[in-house]
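Colleague: Can you read through this structure? Questions will come right after.
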Amino acid sequence: MKKVLLVVDVQKGFTRGNNELVDKINEYLKHEKYDEVVSTIFINHKDSNYIKYINWSRIMELEEPLIKSDRVIVKYGYGLDDYSVLSKDVHYDIVGISTEACVSKIAMDLFDRGYDFSVIERLCYSTGGLVAHDCGIEVLRRNIGSALIKSDEME
């Protein structure tokens, strides 16, 4: 089965110059082989609910992914606008930012749609800190099951 690394929102606006996660993912890619690396990139817009309801007006322009990718999917919310851009005939390993928000949303959407995937816990990060990350992982364990969360130090 084809294996794809799905990198969620690893972009400048979310890393804020802290490239620890970028370095971890790049190091991981030196040892793990994937048929394709697909990155999602978030972009906000002036009429978004992020601005209307939570007064969050960052990332208003397109940013490049910080992980070398074969394909980039632009998204305007926590999840993808159209999941048909992801083939169902592959296994996805999900990594990225933010564990409790975009990573969780995409993982649960893939779960609901019957995709084959797992979330690599140590290659996810939250802009809200370690507590938010841990809460995101715990919610994922409850909602999609521990079997889909890879938590070993080395995969």
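Colleague: Nearest 5 percent is fine: what portion of the DSSP beta bridges confined to the chain is antiparallel?
Modeller: 5 percent
Colleague: Kindly report the accessible area of the chain per residue (heavy atoms of protein chains, probe 1.4 Å, no ligands, DNA or RNA), in Å². Working shown, then result.
Modeller: Values: 8220 Å² over 155 residues.
Result: 53 Å² per residue.
Colleague: Still on this structure, I have one more. How big is the convex hull of the Cα atoms of segment 88-155, per residue, in Å³?
Modeller: Cα convex hull per residue, to the nearest whole number: 74 Å³.
Colleague: To check my understanding: the extent here is largest minus smallest coordinate of the Cα atoms along each principal axis. What are those three numbers for the chain, in Å, largest first?
Modeller: 41, 32, 31
Colleague: Once amide H atoms are built 1.01 Å from N in the peptide plane, which residues 5 or more positions from residue 127, or in another chain, come under 5 Å H to H?
Modeller: So residue 127 has HN proximity to 99.
Colleague: Same structure again: I want to verify the translational diffusion coefficient of segment 2-73 in µm²/s; compute it with Stokes-Einstein, Rh as the Kirkwood radius over Cα pairs, at 10 °C and 1.306 mPa s.
Modeller: 119 µm²/s
Colleague: Additional query: Each residue of segment 35-44 in order: what ³J(HN,Hα) in whole Hz does its phi give by Karplus 6.51 cos²θ - 1.76 cosθ + 1.60, θ = phi - 60°, with x for Gly and Pro?
Modeller: Each residue of segment 35-44 in turn: 6, 7, 10, 10, 10, 9, 10, 8, 9, 8 Hz.
Colleague: Scanning the chain for helices, which whole DSSP H stretches are 20 Å or more long along the axis (Cα) and average -1.0 or more by Kyte-Doolittle? Mind dumping the intermediate values first?
Modeller: Details: long enough: 130-144 (21 Å, 0.41).
Helices passing the filter in the chain: 130-144.
Colleague: Filter the trypsin sites (Lys or Arg not before Pro) in segment 13-47 to those in DSSP coil with at most 13 other Cβ atoms within 10 Å of their Cβ, and list the result.
Modeller: Hits after loop and neighbour filter: 16, 33, 46.
Colleague: Can you tell me the relative contact order of the chain? Whole percent, Cα pairs under 8 Å, sequence separation 6 or more.
Modeller: 25 percent
Colleague: To continue, here is another question. At R0 = 30 Å, how high is the FRET efficiency between residue 27 and residue 60 if r is their beta carbon distance? Nearest 0.05 is fine. Before the final figure, lay out the partial values.
Modeller: Working: r = 31 Å, r/R0 = 1.04.
Plugging the Cβ-Cβ distance into 1/(1 + (r/R0)^6) gives 0.45.
Colleague: Going down the list 24/75; 30/88; 3/46; 68/88; 2/46, which pairs span over 28 Å between their C-alpha atoms?
Modeller: Where the Cα-Cα span goes over 28 Å, the pairs concerned are 3/46; 2/46.
The values are calculated or read from the model by the stated rules, or taken from the named source; none is laboratory data. Fair warning: this is a prediction, and the values are worked out from it, not measured in the lab. No Cβ is skipped: glycine too gets one built from the backbone with ideal geometry, and neighbour counts run over all protein chains shown. To get the accessible areas, we keep the full protein, side chains included, count just its heavy atoms, and leave off ligands, DNA and RNA. Shrake-Rupley method; radii C 1.70, N 1.55, O 1.52, S 1.80 Å.
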